[in-house]
Amino acid sequence: MRYLSWLAIAAMILLSGCTGTRTDYYRPHGGGGTQPTTPTTPTTPTTQLYERTDWSVQYRGRTMYEDSMTEEFQFNYPGDNYFILRTVTEDDFVNLYNGNLKTFIDEEVAATLQTAKNQNISFTELNEVFNKKIKTFYSGILIHNVYTAYLIEIAKNGKPTYHYCKGTADVVEEAATAEYSAWLGVWHVGDRYRFYDIEVSPIENNYFYRVDGWEAGAGADVEMNQEDDWIETRLMDDGTLSFFIQFIARYENYENLGTVDYMFVGTYVESSGEKVDDWEGWEVGWAEDNGASVVLNAGNTEFEVNGKVYKPAYNSMRYSIYSDKDQLWYHFNQKVPEFPMTMVKTKASVREDRTPVHTINYVRRTQPKAAVNGSLVRKSASIEDKRLRSK
């Protein structure tokens with residue numbers, strides 16, 4: 001059941017996110033009066049923005065769907081093209097897109113097409129791309145905030161038509177349960193040789209946490225020492241704490257590596273003994289309280305090479321960056337704790353602030369603060385590296 005419930009998170013990673021209570025529906029220009037003439041959808045995409053009054057996107061709040069809590073959106077789209085749903089806060093709209101709707105549409109459509117390209121499929125085959133047959137969509141849990149939800153049309157040739165509609169999602173946080181609160185605090189985590197003191201603080205009550213301190217302090221060879229050094233974790237339906245692979249930020253002009261993706265990944269050991277950083281799996285590790293102690297167990301990945309399926313368990317988890325320039329992974333510390341690990345709570349109090357989730361739209365135009373110790377450790381190419389590069 002842990003694995004099945006974990007799959008419900010996948011949709012959350014595809015969307016930028018929030019949480020929810022039921023909110024009033026919103027239709028552009030609704031409420032009476034003379035409506036503007038509704039245009040037909042152009043057969044050839046244009047660069048002219050047009051807010052459609054005959055379309056709508058409605059946020060219906062949080063609901064149970066297939067035994068998992070989800071966020072519900074309903075659509076009215078009568079066109080013959082395709083569309084994507086994107087949610088964004090006012091602050092992110094200004095900070096990430098300069099408050100420009102055309103920039104927002106261009107970047108979100110480009111990201112969608114890139115995802116399809118990475119998977120070597122048509123963009124119409126992606127789970128995040130819909131057509132008029134789809135009337136209701138259930139996303140993963142979203143983080144509490146006020147969002148604008150955009151229905152963005154994409155023509156059959158993959159270009160944005162710049163026709164769209166929007167709705168409002170006012171998302172309110174739930175009261176924290178005892179089960180959720182039990183994981184909050186400072187934990188001494190590691191194997192017999194290497195430990196970190198991590199702080200688990202709230203992001204979204206009953207669902208998500210922020211974790212600071214991994215690969216930091218006396219146990220680390222190198223620290224990034226900047227505001228991106230934290231990861232998300234998730235409270236699962238069975239009360240376990242799940243650590244998952246996640247994108248954190250993209251950096252331009254990073255040292256001599258060009259554009260890089262900064263990620264938190266699982267590491268497994270291939271038959272040659274070489275450690276391989278993997279971004280294709282979901283769950284890196286999961287912590288459970290078995291009554292006698294709290295143990296952080298290994299997750300596993302799955303991939304196919306030459307028709308044979310491999311399911312290696314992860315050996316460890318760490319921050320890594322992937323360089324577009326040389327198509328190699330780089331990590332910051334040669335040694336990190338290995339699974340299984342023990343977790344001992346040393347402090348119950350945590351920070352009071354709430355932190356938004358990392359989003360794939362987050363692009364830092366300058367280098368992060370310098371590492372405080374040493375330099376990145378290069379990982380040489382391997383069979384698995386070649387497999388990743390070919391994706």
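So, of the residues in segment 328-375 that are out of contact with any strand residue (DSSP E or B) (no Cβ under 9 Å at 6 or more places or on another chain) and under 28 Å from GLU274 (Cβ atoms), which turns out to be modelled with the highest pLDDT? Steps first, answer last, please.
First, pick out the residues of segment 328-375 that are out of contact with any strand residue (DSSP E or B) (no Cβ under 9 Å at 6 or more places or on another chain): 369-375.
Filter again for under 28 Å from GLU274 (Cβ atoms), leaving 371-375.
On the way: ALA371: 40, VAL372: 35, ASN373: 36, GLY374: 40, SER375: 46.
Top of the filtered list is SER375.
Hey, among the residues in segment 206-225 that are over 23 Å from the mean Cα position of the chain (by Cα) and of a type in the set (A, V, I, L, M, F, W, C), which one's surrounded by the fewest Cβ atoms within 10 Å (Cβ to Cβ)? Give the derivation first.
Of all residues in segment 206-225, those over 23 Å from the mean Cα position of the chain (by Cα) come to 217-222.
If we keep only those that are of a type in the set (A, V, I, L, M, F, W, C) too, we end up with 218, 220, 222.
Values: ALA218: 8, ALA220: 21, VAL222: 18.
Among residues in segment 206-225 that are over 23 Å from the mean Cα position of the chain (by Cα) and of a type in the set (A, V, I, L, M, F, W, C), the one surrounded by the fewest Cβ atoms within 10 Å (Cβ to Cβ) is ALA218.
Select, from HIS188, HIS163, the only residue that is in the same structural domain as ALA348 (by TED's automatic domain parsing), touching a Phe, Trp or Tyr at 6+ places or on another chain (Cβ under 8 Å) and not hydroxyl-bearing (Ser, Thr, Tyr). Walk me through how you get there before you give the answer.
On the way: HIS163 fails: in the same structural domain as ALA348 (by TED's automatic domain parsing).
Just one listed residue meets the conditions, HIS188.
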Considering segment 185-243, residues that are assigned to a loop (DSSP other than H, G, I, E, B) and among the aliphatic types (A, V, I, L, M), and then whichever is nearest to ASP261 (Cα to Cα), we arrive at MET224
Under 6 Å between Cβ atoms, which residue pairs at least 6 apart in sequence (or on different chains) link something in segment 120-136 that is assigned by TED's automatic domain parsing to the domain that holds PHE83 with a partner that is small (Gly, Ala, Ser)? PHE123/ALA116; PHE123/GLY158; LEU126/ALA116
ILE245 fails exactly one of the following numbered conditions: (1) under 12 Å from TYR319 (Cα atoms); (2) buried (at least 19 other Cβ atoms within 10 Å of the Cβ); (3) in contact (Cβ under 8 Å) with a residue 60 or more places away in the chain. What is the number of that condition? (3)
So TYR196, is it assigned by TED's automatic domain parsing to the domain that holds GLY99 and either under 21 Å from ALA298 (Cα atoms) or surrounded by 19 or more Cβ atoms within 10 Å (Cβ to Cβ) (or both): no
Taking helices (runs of 4 or more DSSP H) that do not extend beyond segment 84-184, which have at least 2 residues that are at pLDDT below 95, of a type in the set (Gly, Ala, Ser) and within 21 Å of the chain's Cα centre (by Cα)? 101-119
Among residues belonging to segment 248-259 that are of a type outside the set (A, V, I, L, M, F, W, C) and not in a strand (DSSP E or B), point out the one that is surrounded by the most Cβ atoms within 10 Å (Cβ to Cβ). TYR254
Out of (1) at pLDDT 90 or above; (2) more than 19 Å from the chain's Cα centre (by Cα), what's the single condition that is false for THR34? (1)
Residue satisfying all of: in segment 70-81; buried (at least 22 other Cβ atoms within 10 Å of the Cβ) and within 23 Å of the chain's Cα centre (by Cα); nearest to GLY167 (Cα to Cα) among these: PHE73
Tell me which residues, restricted to segment 297-322, are exposed (fewer than 11 other Cβ atoms within 10 Å of the Cβ) and either under 26 Å from ILE231 (Cβ atoms) or aromatic (Phe, Trp, Tyr) (or both). LYS311
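The values are calculated or read from the model by the stated rules, or taken from the named source; none is laboratory data. In this text, all values refer to a predicted model and were calculated from it rather than measured experimentally. For neighbour counting, all protein chains shown are included, and Cβ atoms are generated from backbone atoms with ideal geometry for every residue, glycine included.
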